[in-house]
Amino acid sequence: MTAAKRIAQSMTLPCGAVLPNRIGKSATQEGLATPLGHASELNVTLYRRWSEGGAGLLISGDVMVDYSHRERPGNIVIDDNGGIDALRRWAKAGQVAGNQLWMQINQPGRQTPIDVQAHPMAPSANMAGLPPEGFGMLRAMTEAEILDLIERFGRVAATAREAGFTGVQLHAAHGFMASSFLSPLCNTRDDAWGGSLENRARFMIESLRAMRRAVGNDFALSVKMNAADFHKGGFDMEQSMAVIAMLNAESLDLLEISGGNYDAPAMIGAMGSGSPLARKKAERTLRREAYFMEYARRARPIATMPLMITGGSARWMRWRRLWMRMQLTSSALPGHSAHPPIFRQSCSMAKRRKSR
Amino acid sequence: MLLDREAYIGKLDDRAFNLMESNMQLAWMYVQLTNLGEGKDIDWDLSLEESPQAFADLEAARELARRAARGDVVPAQ
Ligand SMILES: Cc1cc2nc3c(=O)[nH]c(=O)nc-3n(C[C@H](O)[C@H](O)[C@H](O)COP(=O)(O)O)c2cc1C
C-alpha cells in the first residue's frame, strides 16, 4: 500500500474511537479566549474551519487547569470559572466534518510567564534550563499540591467529555509541568516524585490514570511527550524510550512525540545546546523536516500504543508526494491551499502493534 | 516561513538565530490564528520580522480588555 493510501485510511484506536484518516493537527494554542478564560466565538470560527479542513484528528490548544498558572493570557481555562456552554459550542464547531476533536490539558509549571505568576509552582525551585528573562522565581510544590494538580487533570478531562470533545490529551512535553517532572535537571526532588526515572515519571502516569478514571474506557486518552529536552543533563532519548515502556502498561490511545522546551524549542525546529544537531552545521532546512522521525523509528518497536509524530511534517509530506492530502487539510485556508507548511499540519504515523 | 540566514551571518550565531526565528514564527502564527478566528484570511503580507510587534500590539489590546473584566475573575488560588 502506498503511503498516501495508508494515510487516507481510517484507524480504530484502542478505546474504540475511529480516526477517519491519519492526518492530525497537533495542539496549537490559539490565545483567543475571553478575559474570563472561556472559549470565544473566535475559537469557534477557527475550529470550524480546521474541521472543514479534513484532518481526522484535531487537538485543541492547551487548556489550563488553574487560572493562576496559565501558559499565556488568552488561554482557555477550566477552573470553576463556568463557561461550559462556550466549551460545548467550541467542541461542536470543531467536529462539523466528523473528525475526532481532543482537548489538550496542561499546567505550564515553571514556564508560566512572570506576568501571569510571580512564583510559579514547579517540581523543584530550580531555574536551570529556563530562558534568562520572563519567568519568576520558582516554588517547589508540596505533595498536597501535586495531588491536587493530578485531581485537576481528572476533573478537566471529565469536563471535556461533558462538553462534547471526543478525547483528551495530557501535555507532558515542551518543558511544562509534566515534562519538567520527567527531567533530572528540573526535578531534583528526593521524595517519591523525583530521583529515579520511575519516580520522575510518576506525576505524568498518575495524571493519566486520573484522566482515564474520569473519562471512562470508551474515550480517547493521549499524551504528548518529549523525545528529548535537548538540554545537557536533561531528559534524553534513552530515558524517553524507557518511559514509553512504562506507558505500555497504561491504557493509552495515542502517544504523540515532540521535543524541546522554551529554552531549546526543538518542537518548532530550533535545537538547544545539548543537541548534536545544534553543533553540526547541518543544512538548516533539512533538519526542520519531520525532525522526530528518527526517534519514532526507534520508539515503534517498543511502543504498543499508536504513535503520532509532530514537527516539520508538512514539507516531509510534500517530499513524499502527499501534496494532495495536504491540500485536503489546508483547504481550511481559502485561496491558499498551496501553502501547507504554513499550516503546520502534523502527520499521524500511527500504526497499532497490538491492542491493550 | 524562514528568515534569510545570510542576512544575519556575523550578527547572530546559529542558536541565537534559530531562537529568534522560532519566536518570530510563533508570533506570525498567533497573529494569523486571530485572523482566522475573526473569519478573515491569512495576512500573507505580514513578514516574519514585523510579526513580533504585530503580536505585541494584539496582546496589549487583549490585556486591556482583560483588565477591564478582571473584577469578575475568581482565580482558584
Ligand atoms: C502557534 C503555535 C502554538 C502551539 N501551541 C501548542 C500547544 O498548545 N500545545 C502543544 O503541545 N504544542 C503546541 N505547539 C507545538 C505544535 O503542536 C507542534 O508540536 C509544533 O508546531 C511542531 O509541529 P509542526 O512542524 O507540524 O508545526 C504550538 C506551535 C505553534 C506554532
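The values are calculated or read from the model by the stated rules, or taken from the named source; none is laboratory data. Please read these numbers as outputs of a predicted model, since none were measured by experiment. Glycine gets a Cβ as well: all are built from the backbone with ideal geometry, and neighbour counts include every protein chain shown. The protein model used for the area step is the full one, side chains on, heavy atoms only, and it has no ligands, DNA or RNA in it. Shrake-Rupley method; radii C 1.70, N 1.55, O 1.52, S 1.80 Å.
A:Asn106 fulfils the conditions (1) within 22 Å of B:Leu26 (Cα to Cα); (2) open to solvent by less than 10 Å² (accessible area, probe 1.4 Å); (3) within 12 Å of another protein chain (Cβ to nearest Cβ) except for a single criterion, (3). Checking each residue in segment A:178-188 for being surrounded by fewer than 20 Cβ atoms within 10 Å (Cβ to Cβ) and within 14 Å of A:Ile146 (Cβ to Cβ) picks out no residue at all.
Can you tell which of A:Ala249, A:Ala299, A:Ala245, A:Ala314 is modelled with pLDDT of 60 or more and surrounded by 16 or more Cβ atoms within 10 Å (Cβ to Cβ)?
That would be A:Ala299, the only listed residue that is modelled with pLDDT of 60 or more and surrounded by 16 or more Cβ atoms within 10 Å (Cβ to Cβ).
Taking the conditions (1) at negative phi; (2) open to solvent by less than 40 Å² (accessible area, probe 1.4 Å); (3) at pLDDT 95 or above in turn, A:Gly83 satisfies each one other than (1).
When segment A:195-238 is filtered for residues that are closer than 17 Å to A:Ser124 by Cβ and touching a Leu at 6+ places or on another chain (Cβ under 9 Å), the ones remaining, listed by number, are A:Leu197, A:Arg200, A:Ala201, A:Phe203, A:Met204, A:Asp229, A:His231, A:Gly233, A:Gly234, A:Phe235.
I need the full set of residues from segment A:227-242 which are loosely packed, with under 15 Cβ neighbours inside 10 Å and under 19 Å from A:Arg202 (Cα atoms), in order please.
A:Glu238, A:Ala242
Of all residues in segment A:129-148, those satisfying the criterion of being in contact (Cβ under 8 Å) with a residue 60 or more places away in the chain and buried (at least 16 other Cβ atoms within 10 Å of the Cβ) are A:Gly129, A:Leu130. Flag: A:Pro113 does not match the condition of being buried (at least 24 other Cβ atoms within 10 Å of the Cβ), over 21 Å from A:Thr166 (Cα atoms) and of a type outside the set (A, V, I, L, M).
On the stretch given as segment A:18-53, residues that are surrounded by fewer than 23 Cβ atoms within 10 Å (Cβ to Cβ) and farther than 24 Å from A:Gly311 by Cβ total 12. Going by what's in this entry, would B:Ala56 be described as among the small types (Gly, Ala, Ser) and open to solvent by 20 Å² or more (accessible area, probe 1.4 Å)? When the stated conditions are applied, B:Ala56 passes them. Looking across segment B:19-55 at every residue that is out of contact with any helix residue (DSSP H, G or I) (no Cβ under 9 Å at 6 or more places or on another chain) and more than 8 Å from every other protein chain (Cβ to nearest Cβ), the one that is nearest to the ligand (Cβ to nearest atom) is identified as B:Asn35.
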